[in-house]
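K.L.:
Here it is: the structure, laid out below.
The values are calculated or read from the model by the stated rules, or taken from the named source; none is laboratory data. Note that the structure is a prediction, hence the values are computed from the model and not measured. All Cβ positions, even for glycine, are placed from backbone atoms using ideal geometry, and neighbour counts span all protein chains on display. Please note that ligands, DNA and RNA were not included when accessible areas were found on the heavy atoms of the full protein model with its side chains. Shrake-Rupley method; radii C 1.70, N 1.55, O 1.52, S 1.80 Å.
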Amino acid sequence: RLETMGDPIVISDDSDSEWSSDHVLRRRPQATDPNPVPSRCRRVPTPEVSSTSGMMPSPVPFASGLSPEASFAGQDVDLAPGTSRPSHMITLTDNPGKSAALGGSGASSSGHLTQVPSVPGSFYEELFDDSEEQVSADGKPEPIPPSRVQRVINTIEANFPEATVQCLGDLVTPRFYPPREILSHVIREILLSPHVGTLLDETLKLLTKIQELHPASITQVEWDWQLLTFVMQERDKELPGQIFFLRYVLQTMEDDFQEALKHPADKMPATLANAMLSCYKQSGNIRDIITWIIGTLSGPGFPLVDRFPQTAPDTDKARAPRKNNNQIIVLYLQKMLALAVEVDRTPTCSSNKIAEMLFGFVLNIPERDQREAFFTTMENHLLRCKVLEILMLHSCSKPTTLPLSFAQILYFLSNATSMYHQTEDSEWESWDEFLEHLHFLLISYQQVVTDHLRVPMGERKEKSRRLAPQTHPDDDISALDVELQVEEFRGRMARVVGGIMPLQIQEKLFLLKLLFLQH
């Protein structure tokens, strides 16, 4: 049986030190091992070739009674009578067909034996050495060594992006991160290339791996607002990697902000999200995001839905379509707006400021489906409350001094109206949208109160655990107040529109009443 564990191996019989014709491969018992294999993998210098023989020298000193030439592999050795077999050699008979290693059992007719040096322990140490995959002793990641970076550069110079992505993916480890120039090339020249093709998924996986192992920060980031603006202005050219780039940008900002929240409030470091999305420092960036959202919603590629169909819908066409690219873009941009509310640690003030920017844009959204998509995709309930509150206040026939509260929302039911263009054919539809907006406002306000959304995010979790929802005195409304305002709305519809109230509006009004009573 041939066993290789770094210690010498010999061919011997059942005795401990003599050669016999049984040709059984077995390990020679070792009294002591003067050169034990170290427990930790270390590289050893490659032995120099002997100038006299032109062969690799033996890994151990020559045994007594053997010439230097006899200690190399492939040499024939005549054993003197009484000479024991050196412990560092594997000896095989001249007749391999009868060798025990090949299953033979006959004795060799020749006294000549072939000697092979044992494999040095350092060979296995080097083969299984994974020290480079581990983080360095000081715990800090390091750049990929220049010699390895050159392999990536060679693929770039050869214009071979598939090899670039694969090679870089193999080199990025918890210990090593790519140079900034290489990462910038992957983002700008591969992910955002119009010819990226099937390499798109692999490129995103590579960027995700780099972000997970070595998250971007305000000092280490390879995209800027100018690049994001360029990508969003190239929507008509349909860059294949546009959506993936937006996803990557959002992920870098969210990860950096969440990491900063682990620090105390007074020692919270500057974040990438704050540098890009602060409504006090970068109000122009916030306006850009709003412009991109409205432009995407109003574009030709955004799906529309007929809310008052005249005929029964076709079963196949009525199935919910999959999200198209424009819908996904809107979702990512809305997440950026939600992050902008939090990064300055003043959610109430930030939401007020952003809502004022949004007001004029929302009024110019032409279609109801697009307006509904805008409000339903909003991630931050406090921001949605503020936008809807401004819309309702501007549509009230009588101004009110009530703050944002359940009483204010109930006041809107009997005094506010729709601010969008109405015709005789669409008058009931505009009131249906008005009730829908009241639903959005009421649901979002309940979330604001329950989840303490007026408190900075770093303190929110603690307050949610220790304190009950903080209510306003104007949140105390009775069931009688709700019933009176609902009846007032019914009377107003009879005076303004006339006729029988459509079933859809009756259902929405009943649902709104239940939401008020269950607050």
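K.L.:
Out of segment 217-286, which GluC sites (Glu not before Pro) are coil in DSSP terms and have no more than 15 other C-beta atoms within 10 Å?
P.N.:
234, 238
K.L.:
Still on this model: With 25 Å as the limit, write out which pairs from 209/463; 140/209; 205/335 have Cα-Cα distances beyond it, or answer none.
P.N.:
From 209/463; 140/209; 205/335, over 25 Å: 209/463.
K.L.:
For segment 192-252, I need the span (max minus min coordinate) of the C-alpha atoms along each principal axis, in Å, sorted largest to smallest.
P.N.:
32, 26, 13
K.L.:
How long are the semi-axes of the equivalent ellipsoid of segment 390-518, taking √(5λ) for every eigenvalue λ of the Cα gyration tensor, in whole Å from largest down?
P.N.:
31, 15, 13
K.L.:
Let me ask something else. Tell me, what ³J(HN,Hα) does each residue in segment 402-408 have, in order and in whole Hz, if you take phi through Karplus 6.51 cos²θ - 1.76 cosθ + 1.60 with θ = phi - 60° and put x for Gly and Pro?
P.N.:
5, x, 4, 6, 5, 5, 5
K.L.:
Which ³J(HN,Hα) values, rounded to whole Hz and listed in residue order, are derived for segment 484-500 from phi using the Karplus coefficients 6.51, -1.76 and 1.60 in 6.51 cos²θ - 1.76 cosθ + 1.60 with θ = phi - 60°, glycine and proline given as x?
P.N.:
For segment 484-500, the Karplus curve yields 5, 6, 5, 5, 4, 5, 4, x, 5, 5, 5, 6, 7, 9, x, x, 8 Hz.
K.L.:
Would you mind pulling out the separation of the Cα centroids of segment 204-229 and segment 172-193, in Å?
P.N.:
Distance between centres, Cα-based: 9 Å.
K.L.:
A follow-up question, please. Quick one: if you take sqrt(5λ) for each eigenvalue of the C-alpha gyration tensor of segment 151-289, what semi-axes come out, biggest first, whole angstrom?
P.N.:
Equivalent-ellipsoid dimensions as semi-axes: 27, 20, 11 Å.
K.L.:
Collect residues whose amide H, placed 1.01 Å from N in the peptide plane, falls under 5 Å from the amide H of residue 142; neighbours closer than 5 in sequence don't count.
P.N.:
For residue 142, the qualifying residues are 176, 177.
K.L.:
Ok, one more. Above 19 Å lies some portion of the pair distances; for segment 141-214, what is it as a whole percent of all C-alpha pairs?
P.N.:
Looking at segment 141-214, the distances longer than 19 Å represent 25 percent of pairs.
K.L.:
Can you run phi through the Karplus equation (6.51, -1.76, 1.60; θ = phi - 60°) for segment 350-361 and list ³J(HN,Hα) in whole Hz, with x for Gly and Pro?
P.N.:
Each residue's phi maps through the Karplus curve to give 5, 5, 4, 5, 5, 4, 5, 5, 6, 3, x, 5 Hz.
K.L.:
Taking the solvent-accessible surface of protein heavy atoms with a 1.4 Å probe, what is the per residue accessible area of segment 390-518 in Å²?
P.N.:
Each residue of segment 390-518 exposes 53 Å² on average to a 1.4 Å probe.
K.L.:
Enter the Cα centre distance for the pair segment 263-284 and segment 353-388, rounded to the nearest angstrom.
P.N.:
24 Å
K.L.:
Continuing with this model, one more query. Report the dimensions of segment 412-483 along its three principal axes from the alpha-carbon atoms, largest first, rounded to Å.
P.N.:
53, 31, 13
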